[in-house]
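> For reference, the structure I am asking about is given below.
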Amino acid sequence: MRKVLIIGATSAIAEATARLFAARGDRLFLLARNEVRLDAMAKDLEIRGAEHVYSANLDANKLREHKTVLDKAVEQLGGLDIALIAHGTLPDQKACEHNFGLTLQEINTNAISVISLLTLLANRMEANGSGTLAVIGSVAGDRGRQSNYVYGAAKSMVATFLQGLRNRLHKSGVQVLTIKPGFVDSPMTAEFDKGALWAQPEDIARGILKGIEKNKTVIYLPFFWRYIMWVIKAIPEQVFIRLSL
């Protein structure tokens with residue numbers, strides 16, 4: 001039985017992953033903004049086999065509340081083995097281009113709040129000499145593209161932070177896992193046309209559990225995105241700026 005904290009628990013990928021943890025009999029603590037959804041999820045996960053499910057409200061952008069909420073979560077769990085950070089928003093790129101306030105808001109949500117939580121969790125796990133920090137990023141952070149560079153910049157910031165954190169915590173026995181999904185069919189992408197490259201949240205969840213179990217450092221989900229992004233990153237800048245990506 002593992003003690004698992006999930007931040008942004010009501011997102012589609014997080015909920016699918018929580019169901020896999022529950023099926024293994026793990027003890028869960030869920031954090032998200034929607035208390036009604038959290039209550040419903042907690043009941044569902046206990047039916048699915050979770051040893052126990054706790055939950056609490058958290059607006060990730062309220063940075064001053066992070067330590068208090070995390071302390072409460074660890075106390076109720078009786079320790080902490082895995083922390084999955086899964087919250088985030090998909091910004092309106094065009095709106096951000098004309099309003100820096102919106103850009104700052106998205107950077108705060110998708111990067112700064114994540115880094116705040118990681119700092120607190122990393123210090124705790126480092127002191128304990130064990131644990132897994134798993135963070136859902138995006139392939140969008142691998143290269144800036146005109147269609148979503150605000151979102152991509154935030155995800156790139158988190159990915160770089162995780163690289164350094166991984167290097168720091170390696171000697172402490174703490175796993176730091178960067179999760180880079182491609183296109184995922186979820187409520188956040190409901191307005192997008194779907195195609196062959198799109199995955200379901202359940203597919204991503206299985207990949208996350210596999211990545212944790214195999215002590216991976218960076219995973220692309222589904223796996224073929226590693227090769228897609230390798231090609232995209234290899235395109236020379238003078239060619240890339242002419243592409244409508």
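The values are calculated or read from the model by the stated rules, or taken from the named source; none is laboratory data. It should be emphasised that the depicted structure is a prediction, and the values quoted were computed from it without experimental measurement. Cβ coordinates were reconstructed from backbone atoms using ideal geometry, including for glycine residues, and neighbour counts include every protein chain displayed.
> If you go through the stretch 55-74 one residue at a time, how many are crowded, with 18+ Cβ neighbours inside 10 Å and either in contact with a Pro (Cβ under 9 Å, 6 or more places away or on another chain) or of a type outside the set (A, V, I, L, M, F, W, C) (or both)?
The number of residues fulfilling the criteria is 2.
> Continuing with this model, one more query. Quick check on the stretch 199-245: of everything there that is part of a helix (DSSP H, G or I), of a type in the set (Gly, Ala, Ser) and out of contact with any Ser or Thr (no Cβ under 8 Å at 6 or more places or on another chain), which residue is farthest from Ala22 (Cα to Cα)?
Initially, the stretch 199-245 is screened for residues part of a helix (DSSP H, G or I), giving 201-213, 225-234, 237-240.
Add one more test, that the residue is of a type in the set (Gly, Ala, Ser), and what stays is 205, 207, 211, 234.
Imposing the further condition that a residue be out of contact with any Ser or Thr (no Cβ under 8 Å at 6 or more places or on another chain) reduces the set to 207, 211, 234.
Details: Gly207: 16, Gly211: 17, Ala234: 40 Å.
That would be Ala234.
> Continuing with this model, one more query. Which is over 14 Å from the mean Cα position of the chain (by Cα) and under 22 Å from Gly182 (Cβ atoms), of Ser147, Ser156? It would help to see each step written out before you state the result.
On the way: Ser156 fails: over 14 Å from the mean Cα position of the chain (by Cα).
Exactly one of Ser147, Ser156 is over 14 Å from the mean Cα position of the chain (by Cα) and under 22 Å from Gly182 (Cβ atoms), namely Ser147.
> Sticking with this structure for a sec: Got a number for residues in the stretch 1-58 being among the small types (Gly, Ala, Ser) and closer than 17 Å to Leu121 by Cβ? Walk me through how you get there before you give the answer.
To start, the set of residues in the stretch 1-58 that are among the small types (Gly, Ala, Ser) comprises 8-9, 11-12, 14, 16, 18, 22-23, 25, 32, 40, 42, 49-50, 55-56.
Pick out the ones that are also closer than 17 Å to Leu121 by Cβ and you get 8-9, 14, 32, 56.
Number of matching residues: 5.
> For Leu121, indicate whether it is in contact with a strand residue (DSSP E or B) (Cβ under 9 Å, 6 or more places away or on another chain), part of a helix (DSSP H, G or I) and closer than 18 Å to Ser11 by Cα. Spell out how you get there, then give the answer.
Details: in contact with a strand residue (DSSP E or B) (Cβ under 9 Å, 6 or more places away or on another chain): yes; part of a helix (DSSP H, G or I): yes; closer than 18 Å to Ser11 by Cα: no.
It is false that Leu121 is in contact with a strand residue (DSSP E or B) (Cβ under 9 Å, 6 or more places away or on another chain), part of a helix (DSSP H, G or I) and closer than 18 Å to Ser11 by Cα.
> Of all residues in the stretch 28-45 being in contact with a helix residue (DSSP H, G or I) (Cβ under 9 Å, 6 or more places away or on another chain) and over 26 Å from Asn61 (Cα atoms), which is surrounded by the fewest Cβ atoms within 10 Å (Cβ to Cβ)?
Asp44
> Further question on the same structure: Of the residues that sit in the stretch 186-233 and are exposed (fewer than 10 other Cβ atoms within 10 Å of the Cβ) and aliphatic (A, V, I, L, M), which one is modelled with the lowest pLDDT?
Going through the qualifying residues, I end up with Ala190.
> Gly141 is checked against (1) small (Gly, Ala, Ser); (2) assigned to a loop (DSSP other than H, G, I, E, B); (3) crowded, with 19+ Cβ neighbours inside 10 Å and fails just one. What number does that condition carry?
With (1) small (Gly, Ala, Ser); (2) assigned to a loop (DSSP other than H, G, I, E, B); (3) crowded, with 19+ Cβ neighbours inside 10 Å applied to Gly141, the lone miss is (2).
> I'm told Lys233 meets every condition in (1) closer than 30 Å to Asp81 by Cβ; (2) touching a residue at least 60 places away in the same chain (Cβ under 8 Å); (3) among the charged types (D, E, K, R) except one. Can you identify the failing condition by its number?
All conditions pass for Lys233, except number (1).
> Does at least one position in the stretch 148-164 carry a residue that is over 15 Å from Gly211 (Cβ atoms), basic (Lys, Arg), modelled with pLDDT of 95 or more and surrounded by fewer than 16 Cβ atoms within 10 Å (Cβ to Cβ)?
Checked the stretch 148-164: no residue is over 15 Å from Gly211 (Cβ atoms), basic (Lys, Arg), modelled with pLDDT of 95 or more and surrounded by fewer than 16 Cβ atoms within 10 Å (Cβ to Cβ).
For (1) buried (at least 16 other Cβ atoms within 10 Å of the Cβ); (2) under 15 Å from Tyr151 (Cα atoms); (3) in contact (Cβ under 8 Å) with a residue 24 or more places away in the chain, each residue gets a yes or a no:
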residue: Leu90; (1), (2), (3): yes, yes, yes
residue: Asn108; (1), (2), (3): yes, yes, yes
residue: Ala111; (1), (2), (3): yes, yes, yes
residue: Leu121; (1), (2), (3): yes, no, yes
residue: Gly129; (1), (2), (3): no, no, yes
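> Return a yes/no flag: does the stretch 169-184 have any residue that is in a helix (DSSP H, G or I), surrounded by 21 or more Cβ atoms within 10 Å (Cβ to Cβ) and not small (Gly, Ala, Ser). Working first, answer last.
Step one: filter the stretch 169-184 for residues in a helix (DSSP H, G or I), giving 169-172.
Those still in the list that are surrounded by 21 or more Cβ atoms within 10 Å (Cβ to Cβ) too: none.
No, because not a single residue in the stretch 169-184 is in a helix (DSSP H, G or I), surrounded by 21 or more Cβ atoms within 10 Å (Cβ to Cβ) and not small (Gly, Ala, Ser).
> Also, I was wondering about something else. Quick check on Leu104: is it without any contact (Cβ under 8 Å) to a residue 60 or more places away in the chain and touching a Lys or Arg at 6+ places or on another chain (Cβ under 7 Å)?
Working: without any contact (Cβ under 8 Å) to a residue 60 or more places away in the chain: yes; touching a Lys or Arg at 6+ places or on another chain (Cβ under 7 Å): no.
No; evaluated as a whole, the condition is false for this residue.
> Scan the strands (runs of 3 or more DSSP E) fully inside the stretch 1-87 and keep the ones with 2 or more residues being without any contact (Cβ under 8 Å) to a residue 60 or more places away in the chain and hydroxyl-bearing (Ser, Thr, Tyr). Outline the logic, then answer.
Numbers: elements: 3-7, 27-32, 52-57, 82-85.
Counting at least 2 such residues, we get 52-57.
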